[in-house]
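Report on the following structure.
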Amino acid sequence: MVSTYSMEKAPQREEAKQTYLEWMKDLKNRGGLGKVRTFLFGRQGAERPLEDKEDLDEDKDDIHYIDVKLSHMKHPPPTLPPQPEGLSLEQIGRRHVVQAIVDSERNYMMSLQRLVQAYEKPLLESEPPLLEKEKVKTIFYRVRGIYQCHLMFQIALASRIKEWDNIEQIGDVFVASFSKAMVLEVYSAYVNNFTHAMETVKKTASQKPAFREFIESRQQSSSDRLSLYGLMLKPVQRFPQFICLLQDLLKRTHQGHPDRMPLQLALTKLETLASVLNERKKQSEQRHAVKQLIKNLNVKFSSKMSSERNRWLIRQDDMLQTVIVKPRSHRASAYDGQGEELKCKERRLFMLNDLLVCTTVLNNGQPSSPGSMDMPRFKHRWSVPLTEVEVINPTIEGTDIEMSSEPGKLKITTQHMDEHEYLYGGSTRQLYQERNDLLHDLAVVKQLGALLGTLKGTYGVLTRDDIDEWSEIINKLITKKGQEIKQADVSKIQISLPSVQMEQRVTLVFDAVSAKIKLDWITALETAKLGMKPHNNPGWYAPDEGDTTHAEMNFGVPLIMKALPVFPTRQQAKFQCSVLCPLEQPGHRSRRKGMLQNEGARNCLWVCNSDQKTCHVSLVGFMPPSPQLLETFETTEGRVMCMECVPGWNGPGPMGGYLNRRESERKSDYCFTRHTVWMGTETGRVLIYRINQSDKCEPLATFKASHPISAIQYLNNRVFMSLSNGSVLIYVRTHEGEWKVKEPRVSQLGEGAATCLLPVRNDMWCGCENKVHLIDTESEFKQVSFSAHDPHMVIDKMVVAGVGVWVSFAECDSIRLFHTETMELLQDISVGSPIGRMVASVTPRAQSSLHMTTPVHVTTLLACYGSLWVGTNTGILVNFPLPRLEGVPLVNGPAMVSYHTHKGPVRMLIAMELNRTNDRVLFSSREEDEESDASRSLSDLSTPSSRLKSGSQTADLVNNAMSPMTDYLNLTFNSERSNPSTTTNADHSTTTTTTTTNGISTTVTRCHESKEDADGVRPGRLGSTSEVEVSANVTSTTSMVISGGEGHDYLMRLGENVSKEAKLLMWQVSN
């Protein structure tokens, strides 16, 4: 399918058709103001002089935009024509969204015009002047440039809206209008100056009453009463507004519509602009905040930083610190056991990229206006390098108990509370003391048991069973007390700092506003410390034409966390394949009122390696604080070539269905109610292992395919296998949960090997030779195929991102982007060019370590978190920036090349999210009995075919888990997700509703129990009872990318890693 781009419909002249790739290249190469005018408005529009009643010119040395003088007579504002009859619902919906775009742009233009006509011009022309000319320029810097850019956009928009019912296309207008470098330059200059402009307004208004009266009178005389700050904020918010409107329009545009791809391209362009503007403004504000802080505190921080420009603010938080105060004898207070008073002091912690600064707010009681950029006055308490700050995790086990016995004498010694425990006050400190008392009592009871065994006679007063029961009761109380301590610590941060003597350390306890802020603070601290590590300075090569400030401040730059050996005892082992599997939760769990539980790892990585003789599989668990190698086992059926995690069967059944599913699993060897891992070998054998299988010496089940297996993928209750003979086998699961392994459907793709599979929505993309074939999962037949390259090329890997699929080829350094709906080629990129520039920038010794004797080619691909990761045969990783929304995933910036490399080909790239802390606070009306709930242990990957809708309750957990802080400049669009589910059995039904917002997962569980059990009416209960349990799951998520290959080298410091054993490189990325 080939499409033509044009700004206006011209039936008299036939345009030469272009593909999207050619059009984008041509658009990028256009230059000069005359060419832009010709492209946007045609030759007549470029040659015809424009007239305007208003003069909006800036100084000549300030012109970085096209000077457009608009005549409203010849170029009226965009106006949608009357709606014709007979339109479909989609067309009517699209018209409504287009009308919203027109209205929004009209209001925006009026706001810009007000800034110029009602504020800037009167200030410049006033006699005597209310404000110096330089300050006026500072406040309204680049406002006229933005106005001119949108005048051009308005002309193109009006022309397209006038013919809307005939064309029904608007995406290309956005692409053409906002693809110019001048738009980014003008908006970037404006947003970078925004903070300085608002500070100038506030400072001048406080010094000059006439200026303050001027801006107040202008606000009162306007119809909407919008302040100067509100008007100045609109350009900052403009692109997020455009993105929301185009998203609504795209939802109402079906596949195949001529405006669908232009809208997707427009979303890509606008998101790129918004992201760049947001990051540049954030960088500018963070650096400016440090200057203000240093000026405010009037101190000079000692640091290794060469200049203050290399320091920026990461975050600032208001917290309460528990301190010890020496009491006055005449004052009545609550003192501790040593006669000292515990008090809470208000503190504000500033986390810089290299320092942690603690201050006291001096004028916090003076609230500032919403647009205020002023920083309150602070008093400096202390500042410590981030590398010296350590977070202390509270212990649940408690203090140690020492016991010593002599003939006729027993001595029990309990350690005093730790320093951080001593700093707790009130009920929290009492909990620590109660826990230590219980530990003391447990030690005494155990000693009593030991002494009881030495008795010669039997007296029937105190038996060994009594001692065991006594110990069990105390153990339960200790566990409960530990959980209560952790719940009390849900928002407390314990940090260890070096003391003045530098030979000791001191522990400080802070109380954050909420648990979410606490976890985010800890995550930010760990990320900042990780960015200061020597192996991350530098970690990536970025070209000079890139944004150096962006790289300096680690915005979007992956940070290497660690290199984990996977097979430390097998030096010759080589990676073959890997798969990320969810860990199933245990079925037995006791929940008590007010209990806070710590849930561990959620994912486990299965990694397969092989040598000349054997094949081994290692399991890596991702538990805080660092990943761990869990186990390794050997397979017995030859070399494993591919793996896939297949969800267990969770089909419908009577009375909840769990017992019915277990019965089906017992009757068939190929019915699995738990998640399984399917492995394909070079001999054509398929090995199936259960994820939680304790003994993995033998697979759970096996069966034989006709040829060697190259790839396995699961999609819509079907398993697809690509074979070396060019065919794809499709295995279907019956309604009873049994896999029909003996009756697969065969789809023949070609004569060569079928190399890779990729699920894209409801289609399976299959690579065979140089062609991509699409198999529909419902009909299980091949629907579409197209050539991705020349006939001699072979498709090797594919990865999906947004509405595009990136494809790599065997023994080739180029990757290609295809649209998922039209299959058009959109972009062709070579990874050899950025790698060559990086290699040329390192030392000759580092160049020799890379073994660049063979041409570079791509070995693996990964698209995640706004980046395209490319692994190569030389062990070098390349990172390309991608958009994050549902637009076209065009590479929108220069590539970064990692200085951390493998010593062999990169065999795997996997993305995952690691929950650093995952604390669940439970609130219930009574203690819940222990019950077997294995039907709830299935992971979210296996969704039931039918779900019952239920009502939900909203839990008010603002004080415990919610963070009220919002950022009006945040351009990330998060939507609430609510997934209700219901599980029932013969005498018990549970309705669970989960809502996740901003890292806070709120779960409401209703437990309904029947009136009668198997023997009749339950004792002590009248009718049915219902328990409502509300829990808040507070998480701080870290996004990770894992690469796998032989060995690890850091090109900036060679010689540190000499081993060639298989290793996983773990990268932390910003999401």
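Please treat every number below as a calculation from the coordinates, not as lab data. Quick caveat, the model's predicted, so the values are computed rather than measured. All Cβ positions, glycine included, derive from the backbone under ideal geometry; neighbour counts span all protein chains shown.
What residues qualify as long-range amide H neighbours of residue 863, i.e. H under 5 Å apart, gap of 5 or more or another chain, H built at 1.01 Å from N?
For residue 863, whose amide H was placed from the backbone, the distant partners under 5 Å are 869.
Which order do the peptides 310-317, 694-701, 642-649 take when ranked by the mean count of other beta-carbon atoms within 10 Å per residue, highest first?
Going by the mean number of other Cβ atoms within 10 Å, highest first, we get 642-649, 310-317, 694-701.
If I take R0 = 56 Å and measure r between the Cβ atoms of residue 692 and residue 184 in this structure, what FRET efficiency does the formula 1/(1 + (r/R0)^6) give, to the nearest 0.05?
0.60
So for each of 439-452, 193-206, 116-129, 796-809 I average, over its residues, the number of other beta carbons within 10 Å; can you give me the resulting order with the highest mean first?
Listed from highest to lowest mean packing, they are 796-809, 193-206, 439-452, 116-129.
Magnitude of the Cβ-charge dipole of region 88-179, K/R +1 and D/E -1, about the Cα centre, nearest 20 debye?
Computed about the Cα centre, the dipole is about 200 debye.
Per-residue HN-Hα couplings for region 258-272, Karplus 6.51 cos²θ - 1.76 cosθ + 1.60 at θ = phi - 60°, whole Hz, x for Gly and Pro?
Rounded to whole hertz, the list is x, 8, 5, 5, x, 5, 5, 5, 5, 4, 4, 5, 5, 5, 4.
So who's got an amide H within less than 5 Å of the one on residue 381, skipping anything under 5 residues away but keeping other chains? H placed 1.01 Å off N, in plane.
When sequence neighbours closer than 5 places are left aside, the close amide H contacts are 358, 359, 360.
Treating the beta-carbon of each Lys and Arg as +1 and of each Asp and Glu as -1, no other charges, what is the dipole magnitude of region 54-289 about its Cα centre, to the nearest 20 debye?
Once rounded to the nearest 20, the dipole reads 520 debye.
Considering amide H positions built from the backbone, and no H for Pro or chain starts, which residues 5 or more places from residue 642, or on another chain, come under 5 Å of its amide H?
Result for residue 642 returns 680.
Using the eigenvalues of the Cα gyration tensor, what equivalent ellipsoid semi-axes result for region 54-289 when each is taken as the square root of five times the eigenvalue, whole Å, largest first?
Ellipsoid semi-axes (Å, largest first): 35, 20, 16.
Where Lys and Arg each count +1 and Asp and Glu each count -1, what net charge lies around residue 224 among other residues with Cβ under 13 Å from its Cβ?
Residues close to residue 224 contribute a combined charge of +4.
Which whole-Hz ³J(HN,Hα) couplings does region 476-493 yield from phi under the Karplus relation 6.51 cos²θ - 1.76 cosθ + 1.60, θ = phi - 60°, glycine and proline marked x?
Coupling constants for region 476-493: 5, 5, 5, 4, 5, 5, x, 5, 5, 5, 5, 5, 5, 8, 4, 10, 9, 10 Hz.
Determine the relative contact order of region 54-289: mean sequence separation of Cα pairs under 8 Å and six or more apart, normalised by residue count, in whole percent.
This gives 28 percent for region 54-289.
Would you calculate the separation in nanometres between label points at residue 821 and residue 106, each defined as 7 Å from the Cα along the Cα-to-beta-carbon direction?
That separation, rounded to one decimal, is 2.9 nm.
Determine, for each peptide in 162-170, 716-724, the mean count of other beta carbons within 10 angstrom over its residues, then list the peptides with the highest first.
716-724, 162-170
Once phi is turned into θ = phi - 60°, what whole-Hz ³J(HN,Hα) does the Karplus curve with 6.51, -1.76 and 1.60 give for every residue of region 439-449, x standing for Gly and Pro?
4, 5, 5, 5, 5, 5, 5, 5, 5, 4, x
Given 241, 79, 201, which one lies farthest toward the positive end of the charge dipole of region 54-289, if we put +1 on the Cβ of every Lys and Arg and -1 on the Cβ of every Asp and Glu?
Working it through, the farthest residue towards the positive pole turns out to be 201.
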